[in-house]
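The values are calculated or read from the model by the stated rules, or taken from the named source; none is laboratory data. Since this is a predicted model, take the numbers as computed values, not measurements. Glycine gets a Cβ as well: all are built from the backbone with ideal geometry, and neighbour counts include every protein chain shown. In case anyone asks, the SASA skips ligands and DNA or RNA and just uses the protein heavy atoms, side chains included. Shrake-Rupley method; radii C 1.70, N 1.55, O 1.52, S 1.80 Å.
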Amino acid sequence: MSLLEQRYRQLRAIDANDFHTCFYCGCIATEFDFAPPKAHWQSFQYRQLSADNLQVPSCMECIKLLKGCTMGLVQQRRELVHTKIASKYKKAIGVFLRWNEDELEELDFSLHHSIAAGLKLGEESHRRSNYVGFSYEIDGAKATGLVPTAAPLKVFGEQYASVKDALVAVSKSYRINQAKLVEGMAKHDNNLEAVVMAWQQQQQHAMFQRELRKQCAAFAKQHKQSHRFVVNEIERYLDKDAELSIADALDKLYQERVKHYQPLVK
Ligand SMILES: [Zn+2]
């Protein structure tokens, strides 16, 4: 047994479909990554730091992304790879999340071409940066309990296999532009429910403002008051009492401020 074999045990796929697959991103594996890196093995021993001491099937790009990474646990190394892939292909992933295949037909040639390329690269990068690994054995012993499963994404009680699936479905059922949802996810810690609720609140607020302007304009015209004055007064009433409807507030304004001065206005 070589020194290397004594130090590192090999992580091997159980299912034949996963042979020669990068454990970090799911691409074709041509190399091995070492957790911790060979040059740091001794240092981990001396300092008794937690290390998997595993030799992990890996693709060339993941090896490059892990260059300089001294982490000793496979899971830590995987998380770093995912962060780096997500950042390196951020633009393409953005295209993939915002656009759908069926929208391409409507685009002119050059945009069609660039969006189609972005969709393909983005889909692959998104999949790689969320890859959960495969069932494996170490030295012939099945590593039970370590079999990876992707947690299904739940949005308002519905389960989705991927973020993209959730975006498409939510965009359809709530009639919110998919690009707007993606934008919102960046602001709301990737919480799609929070994005939808914030959007609905915003819509309600906009609707209320439209209604407020409309009713105040009608009132101002009817009672020959300045529009600005009416809006300011109504907003004051509504601020003080959240239960009040716009109509209630207008009635209050009429009773308290306008009625008595009617004779003065000609
Ligand atoms: Zn890889």
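What is the antiparallel percent of DSSP beta bridges lying wholly in the chain, to the nearest 5? Mind showing how you got there, number by number?
On the way: 14 of 16 bridges.
Among the beta bridges of the chain, antiparallel pairing accounts for roughly 90 percent.
Can you compute 3J(HN,Hα) from phi for each residue in segment 87-93, using the Karplus curve 6.51 cos²θ - 1.76 cosθ + 1.60 with θ = phi - 60°, rounded to whole Hz and x for Gly and Pro?
7, 4, 10, 3, 5, 5, 4
Output the peptides 102-115, 171-184 sorted from most to least packed, where packing is the average of other Cβ atoms within 10 Å over each peptide's residues. Don't skip to the end; give the middle numbers.
On the way: 102-115: 10.9, 171-184: 15.6.
Descending packing order for the listed peptides: 171-184, 102-115.
Percent of accessible area on the chain owned by carbon and sulfur, 1.4 Å probe?
Details: 8850 of 17170 Å².
So the carbon and sulfur contribution to the accessible surface is 52 percent.
FRET efficiency for Arg257 and Lys180, Cβ-Cβ distance as r, R0 = 45 Å, nearest 0.05? Provide the component values of the computation, followed by the final result.
Values: r = 41 Å, r/R0 = 0.92.
Approximately 0.65, to the nearest 0.05.
Show the residues, 5+ positions off or on another chain, whose built amide H is closer than 5 Å to the amide H of Tyr136.
Ile14, Ala143
Step through the residues of segment 96-112 one at a time and calculate ³J(HN,Hα) from phi using the Karplus curve (6.51 cos²θ - 1.76 cosθ + 1.60, θ = phi - 60°), rounding each to whole Hz and writing x for Gly and Pro.
4, 6, 7, 10, 10, 3, 5, 8, 5, 4, 7, 8, 6, 3, 5, 5, 3
By how many nm would the segment from Cys69 to Arg213 grow when fully extended, if each residue of separation counts as 0.36 nm and the alpha-carbon distance is taken off?
Values: separation 144, 0.36 × 144 = 51.84 nm, distance 5.92 nm.
Answer, rounded to one decimal: 45.9 nm.
As a test of reading the structure, rank Thr21, Thr30 by solvent-accessible area (1.4 Å probe, protein chains only), most first.
On the way: Thr21 15, Thr30 95 Å².
These residues rank, largest area first, as Thr30, Thr21.
Kindly state, to the nearest 0.05, the FRET efficiency for Ala198 paired with Ala39, given R0 = 35 Å and r defined as their beta-carbon distance. Don't jump to the answer; show the numbers that get you there.
Values: r = 48 Å, r/R0 = 1.38.
Approximately 0.15, to the nearest 0.05.
Step through the residues of segment 217-224 one at a time and calculate ³J(HN,Hα) from phi using the Karplus curve (6.51 cos²θ - 1.76 cosθ + 1.60, θ = phi - 60°), rounding each to whole Hz and writing x for Gly and Pro.
The phi angles translate into 5, 5, 5, 4, 5, 4, 9, 6 Hz.
Would you work out which of Gly94, Gln203, Gln76 lies farthest towards the positive end of the dipole of the chain? Charges go on Cβ: Lys and Arg +1, Asp and Glu -1.
My answer, from the dipole projection, is Gln203.
Quickly work out the Asn191-to-Asp139 label distance, labels modelled 7 Å from Cα along the C-beta direction, and quote it in nm with one decimal.
It works out to 4.5 nm between the two label points.
Which value in nm describes the separation of the simple spin-label points at Leu244 and Tyr46, placed 7 Å from the Cα toward the beta carbon?
Rounded to a tenth, the inter-label distance reads 7.5 nm.
Mind checking the dipole of the chain: about its Cα centre, +1 per Lys or Arg Cβ, -1 per Asp or Glu Cβ, Debye to the nearest 20?
Around 1020 debye, computed over the chain.
Sum -39500 (n - 2.57) across every DSSP H segment of at least 4 residues in the chain, then divide by the residue count to get the 222 nm mean residue ellipticity, nearest 500. Write out the running numbers ahead of the final one.
Working: 11 runs with 136 residues, N = 266.
Here the helix-only value at 222 nm equals -16000 deg cm²/dmol.
With the chain treated as a Gaussian network of Cα nodes joined by springs under 10 Å, which of Ala242, Ala51, Ala151 yields the largest mean-square fluctuation?
So, out of Ala242, Ala51, Ala151, the one fluctuating most is Ala242.
Which residues' amide hydrogens lie under 5 Å from the amide hydrogen of Cys27, considering only partners 5 or more residues apart or on another chain, with H built in the peptide plane?
Cys22
Taking amide H atoms as placed 1.01 Å from N in the peptide plane, list the residues 5 or more away in sequence, or in a different chain, whose amide H sits under 5 Å from that of Gln10.
Gln55, Asp139
Quick one: putting +1 on the C-beta of Lys and Arg, -1 on the C-beta of Asp and Glu, what dipole do you get for segment 88-243 around its Cα centre, in Debye to the nearest 20? Working shown, then result.
Values: 22 positive and 21 negative charges, 131 e Å.
That gives a dipole near 620 debye.
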